[in-house]
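Remarks on the structure that follows.
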2 protein chains.
Amino acid sequence: MGKVKISKVVMIGAGNLASQLAPAIKKAGFNIVQIYSRTEVSAGRLGKLIGCGFTSIKSEICKDGDIYIFALADDALREFIDGFCLSGKIVVHTSGSLDLALLASLSETYGILYPVQTFSKERKVNFMQIPVCIEASDDITKQILFDFAETFSSEIYFLNSEQRGKLHIAAVFACNFVNHLYTVSSEILSSADLPFDLIRPLIRETANKINDLPPDVAQTGPAVRNDQLVIKRHLDLLSFLPQYKKIYELITEDIISSGEKSR
Amino acid sequence: MGKVKISKVVMIGAGNLASQLAPAIKKAGFNIVQIYSRTEVSAGRLGKLIGCGFTSIKSEICKDGDIYIFALADDALREFIDGFCLSGKIVVHTSGSLDLALLASLSETYGILYPVQTFSKERKVNFMQIPVCIEASDDITKQILFDFAETFSSEIYFLNSEQRGKLHIAAVFACNFVNHLYTVSSEILSSADLPFDLIRPLIRETANKINDLPPDVAQTGPAVRNDQLVIKRHLDLLSFLPQYKKIYELITEDIISSGEKSR
């Protein structure tokens, strides 16, 4: 294969990630020729936003793209690939957890562009600041993907599959699980008729603090002090929310035991 | 008791909170007359910073303060109070979890100034933006504490003890437990030779996102999609860190079941 210059982009997916990635790619000067989504409404919404064609019919996916970017949920991607062929094209997926080899049945040249961020349709993000992790079937494709990605992100990393797998788990802890703790917190506040605003400054400072201090040094609160009286009182107060009580017990136990390790 | 005008402040404690609160109170124009800490070094460090007297000897605590602010760890406070008397003074503690009545043995007029924030000596915070929750033995003291606190914070709340207890638990989830997940995340990254910088933008966006979206709406990731293949792969990869695997299982289970509730 000679040196491919990417110009025409086909976006497979119109969900949270695609809704942020497609505008970033367009802004970087590429020609997004088509959006595919399983639902016509989603395909149309993003297609109109970008000003390009769109379809919800697999057989109508445009055949003259240079790169096909799969921004689908993992299970939707596995289902999509089955029986589809894009030989001669560059195909990439954007998943933190799916195998690179999964794409081998689609084309000879394939890779991964995994952006380490949480995406929601409703919220714009600045793609330039988002780390993008690259893997590829071969060195030429890796270089092509690097040249492509550096037009819309200033933070490019080359990872192997094992690293990407662990990074994805780290991201689940630091984002999805953290966000769930915000939800838990918000429910506990509601149960006392208190506004979420009361802890917004705390949430901001907790996230900002680790820019200056390593997280284990930044830790405060009853668990790291091993203050058993407070812990017991909290567990008693949580008895009306048994699942949250279990989370409280487990994380507290882990904070206490990591403190013991570092002493 | 007539209307007390607070002028002279005695700070009991020189830890994370006292190190931030004392400068804020000084900046608001009050006269901090003394810092007490159990250790001479800590008392001296903060006393010199503020430019006031300091002691580590309980019997040498200055007797002509208007207000005595206890910024001690909960267990240290319980121990300190025993046998001590500050009759005629206003005494307050700063704890999210300790009873108001605990101070009744010290003085007739007592209260709580609970700042909802995480404090470390090494990191300056802007006290004006920190919510401060007030409780007091009586309405006059409550008003005095309000007049005092509004000079160094623009976010004053009046809470009852039950609300403060629940707020403290909510703060533990949104701060201490969140911070622990940052630690977990950082350890997982280290195990793959990856820098923590890879997930800093993700941590920032996760915290910022909930300014625009309620946390349950902001949620993304394998658990909220109930993507069992990814979850299983993550649990397999975590088998070398059994405690983190347990945390992963429990929070994932809770995200899945809250998703089911809201559908």
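May I ask you to work out the translational diffusion coefficient for the range A:200-246 at 25 °C, viscosity 0.890 mPa s, via Stokes-Einstein with Rh from the Kirkwood sum over Cα pairs, reported in whole µm²/s?
Numbers: Rh = 12.5 Å.
In µm²/s, the coefficient is 197.
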How far apart are the A:Ser87 label points across copies, placing each 7 Å from Cα toward Cβ, in nm, shortest first?
9.8
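Sequence gap at least 6, Cα distance under 8 Å: using those rules, report the relative contact order of chain B to the nearest whole percent. Don't skip to the answer; put the middle values down first.
Details: 360 pairs, mean separation 32.6, N = 263.
Here the relative contact order equals 12 percent.
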For the protein assembly as shown, whose charge dipole is built from +1 on Lys and Arg Cβ atoms and -1 on Asp and Glu Cβ atoms, the candidate among B:Ala76, B:Ala149, A:Ile57 with its Cα farthest towards the positive end is B:Ala149
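Suppose every K and R has +1 on its Cβ and every D and E has -1 on its Cβ; what is the size of the dipole of chain B about the Cα centre, in Debye to the nearest 20?
Numbers: 28 positive and 30 negative charges, 122 e Å.
It comes to approximately 580 debye.
Can you flag which of A:Lys232/B:Lys8; A:Lys232/B:Lys246; B:Lys5/B:Lys58; A:Lys121/A:Lys232; A:Lys5/A:Lys58 are past 30 Å Cα-Cα?
Details: A:Lys232/B:Lys8 36 Å; A:Lys232/B:Lys246 21 Å; B:Lys5/B:Lys58 25 Å; A:Lys121/A:Lys232 41 Å; A:Lys5/A:Lys58 25 Å.
Table pairs above 30 Å Cα-Cα are A:Lys232/B:Lys8; A:Lys121/A:Lys232.
Could you tell me how many cubic angstrom of Cα convex hull volume the range B:10-97 has per residue? Walk me through the numbers on the way to the answer.
On the way: hull volume 8.2 nm³, N = 88.
Convex hull volume per residue, Cα atoms: 94 Å³.
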Explain nothing, just compute: Karplus ³J(HN,Hα) = 6.51 cos²θ - 1.76 cosθ + 1.60, θ = phi - 60°, for every residue of the range B:105-116 in order, whole Hz, x for Gly and Pro.
6, 8, 7, 7, 10, 8, x, 10, 10, 9, x, 8
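Cα-based Rg of the range B:118-198 per 2.2 N^0.38 Å, rounded to two decimals?
Working: Rg = 18.1 Å, N = 81, 2.2 N^0.38 = 11.7 Å.
Rg over 2.2 N^0.38 Å, computed on Cα atoms: 1.55.
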List the distances, in nm and shortest first, from the label point of B:Pro195 to the matching label points in every other copy, placing each point 7 Å from Cα along the Cα-to-Cβ direction.
4.0
Kindly provide the chymotrypsin sites (Phe, Trp or Tyr not before Pro) of the range B:58-108 that DSSP labels as loop, not H, G, I, E or B, and whose Cβ sees at most 16 other Cβ atoms within 10 Å.
B:Phe84
Rg/Rh of the range A:104-254 (Cα atoms, Kirkwood Rh), to two decimals, equals 1.09
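Accessible area per residue, 1.4 Å probe, Å², for the range A:119-263: what's the number?
On the way: 5960 Å² over 145 residues.
Value for the range A:119-263: 41 Å² per residue.
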Debye, to nearest 20: dipole size of the protein assembly as shown, +1 on Lys, Arg Cβ, -1 on Asp, Glu Cβ:
980
Residues whose placed amide H lies under 5 Å from that of B:Phe54, excluding near-sequence neighbours:
B:Ile35
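Are there trypsin sites (Lys or Arg not before Pro) in the range B:44-107 that DSSP puts in a loop and that have at most 16 other Cβ atoms within 10 Å, and which ones? Could you put the intermediate results ahead of the total?
Details: sites: B:Arg45, B:Lys48, B:Lys58, B:Lys63, B:Arg78, B:Lys89; in loops: B:Lys63, B:Lys89.
Passing sites in the range B:44-107 are B:Lys63.
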Residues whose built amide H sits under 5 Å from the amide H of B:Tyr157, excluding neighbours closer than 5 in sequence, are B:Val132, B:Cys133, B:Ile134
Shape call for the range A:1-152 from the C-alpha gyration tensor, a ≥ b ≥ c root eigenvalues: rounded (a/c under 1.5), prolate (a/b greater than b/c) or oblate?
rounded
Among the helices of chain A (complete DSSP H runs), which have Cα atoms covering no less than 27 Å along the helix axis and a Kyte-Doolittle mean of at least -1.0?
A:242-262
Mind checking the log10 I(q)/I(0) for the range B:71-163 at q = 0.15, 0.16, 0.23, 0.24 Å⁻¹? Debye, one equal scatterer per Cα, no solvent, two decimals.
-0.58, -0.66, -1.24, -1.30
Suppose the Debye formula is applied to equal point scatterers at every Cα of the protein assembly as shown; what is log10 I(q)/I(0) at q = 0.07, 0.09, 0.11 Å⁻¹?
-0.47, -0.71, -0.93
Which residue, B:Val92, B:Ile130, B:Leu46, has the largest displacement toward the positive end of the dipole of chain B when charges sit on each Cβ (Lys, Arg +1; Asp, Glu -1)?
B:Leu46
When N counts the residues of chain B, how does its alpha-carbon radius of gyration compare numerically with 2.2 N^0.38 Å, as a ratio?
1.22
What range in chain A is the longest one free of GluC sites (Glu not before Pro) that are in a loop by DSSP and have at most 16 other Cβ atoms within 10 angstrom?
A:151-263
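Please report the buried accessible area for the interface of B with A, total over both chains, probe 1.4 Å, in Å² to the nearest 100.
Values: alone 15270 and 15280 Å², together 21380 Å².
Protein heavy atoms only, the B-A interface buries about 9200 Å².
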For chain B, build the charge dipole from Cβ charges (+1 Lys, Arg; -1 Asp, Glu) around the Cα centre, then report which of B:Ser161, B:Gly29, B:Leu229 sits farthest towards its positive end.
B:Gly29
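Keeping every protein chain in place, order B:Val132, B:Val217 by accessible area at 1.4 Å, biggest value first, i.e. largest first.
Working: B:Val132 0, B:Val217 75 Å².
The residues order as B:Val217, B:Val132, largest area first.
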Taking the Cα centre of the range B:117-263 as origin and charging only Cβ (+1 Lys, Arg; -1 Asp, Glu), how large is the dipole, in debye to the nearest 20?
420
Sorted by chain and number, the residues with a modelled amide H under 5 Å from that of A:Ser120, at a separation of 5 or more or across chains, are none
What gaps in nm, shortest first, separate B:Ser161 from its twins in the other copies when you place the label 7 Å past Cα toward the beta carbon?
6.0
For the rotation that superimposes chain B on chain A, which residue of B has the C-beta lying nearest to the axis, and at what distance in Å?
B:Ala207, 2
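The values are calculated or read from the model by the stated rules, or taken from the named source; none is laboratory data. These figures come from a predicted structure and were not determined experimentally. Glycine also receives a Cβ, built like all others from the backbone with ideal geometry; neighbour counts cover every protein chain displayed. Keep in mind that these areas ignore ligands, DNA and RNA; they rest on the heavy atoms of the full protein, side chains included. Shrake-Rupley method; radii C 1.70, N 1.55, O 1.52, S 1.80 Å.
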